[in-house]
C-alpha cells in the first residue's frame, strides 16, 4: 500500500503508574490554595471508560499501560502481582512496559507477562549473558484503517538505583540508541502508519528522547506522575502523561491524511463517579480484595492533617513514616526514599490498609553508622539525581526524605556543590563525627555509604502501627528537612 494514501483517525488511551490501586481512592487535587480529596480511579470504572470509547470510536482505539502496575498495594504485593492478571486481561489492553513491576525479579515478571493477553514491551532490557532482548520490543496493531507500531521502553533505573534483585541477570539502557532502528523497521518492514512510544523513563527524560529521535508520532510517558492537561510538543511529537493510581486516563486522538498526521487532540479524563463500575471487573476486584478487606479496613488511629506524597521537599506521609522509624530504632536521624506512589489519606481515620499503601514492601527497620562526610556526599548525590540539568542523569523520585536533619541547598549549583549547610539537632554536621541513622529499604541509605548495618526485628508497617496506635491523633513532623535557598 502506498503510505501517502493512508488516512484515518485513531484514539490512544493511556493509564500510567496505577501502582496496584484496584478501587476508587482519595486523590489530592489542588483548587487554588485548597486541597481536595475526591475519590478517583478504580479498574472497574476504567473498564467502563474503555468499553464506552471503543464503542463510540467503532473499535479505533489503542489502550496502553506505561507500567508501575504490579506493585503498590497489599493484595497486589502479597500475590506478587498475580491478583491483577485477570483484572488486566478483562481490560483488553494492547501493551504495557515496566518499572516497579520488576520488584519480584525479572523471571517472575516474565511469568506474569506470559499470562497477559497483550505483550510487555521493552527495547532496552537485555539478558546480561546473551545480550538478547528479554521482552518483546514492539508490536503492530490495526485499528481505524491504520497500522500502529508500538514501541516499549522500560525504566532505565531498574538496574541502577533499585534493589539488586529487581535486575538479576539483566541490564537496561536508556533506549535512545535502539529507538531509531525500531522506528525504521516498523515503518519500512511492517508498514506502520503511526509510531507510538510507550515509555517509563520519566517526563524530563522523554522530552530529551523526543528531541533526539525523529519520527515519533506520539509519546506516552510514565514514571513521574505528571497530570498533563495539555501535551508537550517536542520535535513534532506530542508527549502526554496522565497522573497516577488510575485516577486519570489520557486520551490522544490522532488524525492521519495523505500518510501524515494532520490533527492531534488531547483530553485528560477524570476517572470519577460519572463512570459507573463495570460489573465483570467489579467482581474480579472483589475477588482480589475479599481475603484482605477485614484486615485492611481496621481503623488504628486518626490523622490531624492529610498524609500525602505530592510535594517535592517534605511530605506529611513520609514525615509520619520517619517519625515512626526513628522511634522504633531509637535514633535521632532517619531516611527513606523520595517515593511518589501512595494515595493520600485525608484528615480523619487511618486504617491498616493505609499503612501498607505507605510502604508496601514492608522492609525491616534498619540502622547504619555514617560519618558527617558521608551525610554530605549522600545528600549531594541525591540532589543531583533529582535536579541534574541533564535529564538522563536524573535517577530518583523526589528528594530523599530525612528526619532529624536540616539541609540548606542551592539547587541551581552544579553537581557536588548543592549542599550549602547541613545541621543535626541544630548543630553543624562534623565531617569526622559518626552519626547513627535509621532507614528503610536500600534506597534510604545506599550500600556504598556507612558501616555496621543491621536490620532490627521490627518491620516498617509494624513501626507505623505502633506509632499511630500509641497516639490519639498523629501530627507528623512539620519542619522541612531540605530547604532550597
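Quick note: the coordinates plus some simple rules give every number you see, no bench work behind them. Here the structure is a predicted model, which means the values were calculated and not measured. Here Cβ is always computed from backbone atoms with ideal geometry, including for glycine, and neighbour counts include all displayed protein chains.
Quick notes
- Share of alpha-carbon pairs per 5 Å distance bin for the stretch 139-244, given as whole %: 2, 12, 21, 22, 19, 14, 7, 2, 0
- Globularity index of the stretch 298-484, i.e. its alpha-carbon radius of gyration over 2.2 N^0.38 Å: 0.99
- To the nearest ten degrees, helix 106-115 and the longest principal axis of the Cα atoms of the chain are 40 degrees apart.
- Rounded to 5, the percent of DSSP beta bridges in the chain classed as antiparallel: 70 percent
- Rule-of-thumb Rg ratio for the stretch 422-473 [Cα; 2.2 N^0.38 Å; N residues]: 1.48
- Computed from the alpha carbon positions, the gyration tensor of the stretch 1-90 leads to an equivalent ellipsoid with semi-axes of 30, 20, 12 Å, biggest first.
- Each semi-axis of the equivalent ellipsoid for the stretch 296-375 is √(5λ) with λ an eigenvalue of the Cα gyration tensor; in descending order they amount to 24, 14, 12 Å.
- On Cα atoms only, tilt of 43-56 relative to the major axis of the chain in degrees: 20 degrees
- Over all projection directions, the Cα-based convex hull of the stretch 328-394 averages an area of 6.9 nm².
- Stokes-Einstein diffusion coefficient of the stretch 3-289, Kirkwood radius over Cα pairs, 20 °C, 1.002 mPa s, in µm²/s: 113 µm²/s
- Normalised Debye scattering of the stretch 379-419 at q = 0.31, 0.34 Å⁻¹ gives log10 I(q)/I(0) of -1.16, -1.29, counting only Cα atoms as equal scatterers and leaving out solvent.
- Using the alpha carbons alone, the radius of gyration of the chain stands to its Kirkwood radius in an Rg to Rh ratio of 0.97.
- Over all directions, the projected convex hull of the C-alpha atoms in the stretch 394-437 averages 4.0 nm² in area.
- Over the stretch 339-434 - Rg/Rh using Cα atoms and the Kirkwood inverse-distance radius: 1.04
- Cα-Cα separations in the stretch 83-160 greater than 19 Å, expressed as whole percent: 38 percent
- Of the Cα atoms belonging to the stretch 219-313, the radius of gyration and Dmax stand at 19.1, 62 Å.
- Derived from the Cα gyration tensor, the three semi-axes of the equivalent ellipsoid of the stretch 67-204 are 25, 19, 12 Å, largest first.
- Note on residue 457/residue 477: beta-carbon distance plugged into 1/(1 + (r/R0)^6) with R0 of 22 Å gives a FRET efficiency of 0.35.
- Whole-Å distance, taken between Cα centres, linking the stretch 294-354 and the stretch 433-485: 11 Å
- When only alpha carbons are used to place a centre, the stretch 145-193 and the stretch 89-136 end up 11 Å from one another.
- Compared with the dominant principal axis of the Cα atoms in the chain, helix 176-188 is inclined by about 20°.
- Looking at the stretch 3-289, the DSSP beta bridges with both ends there are about 65 percent antiparallel.
- Mean projected area of the convex hull spanned by the Cα atoms of the stretch 260-311, taken over all viewing directions: 8.4 nm².
- Whole-number percent relative contact order across the chain, with pairs defined as alpha carbons under 8 Å at least 6 apart: 17 percent
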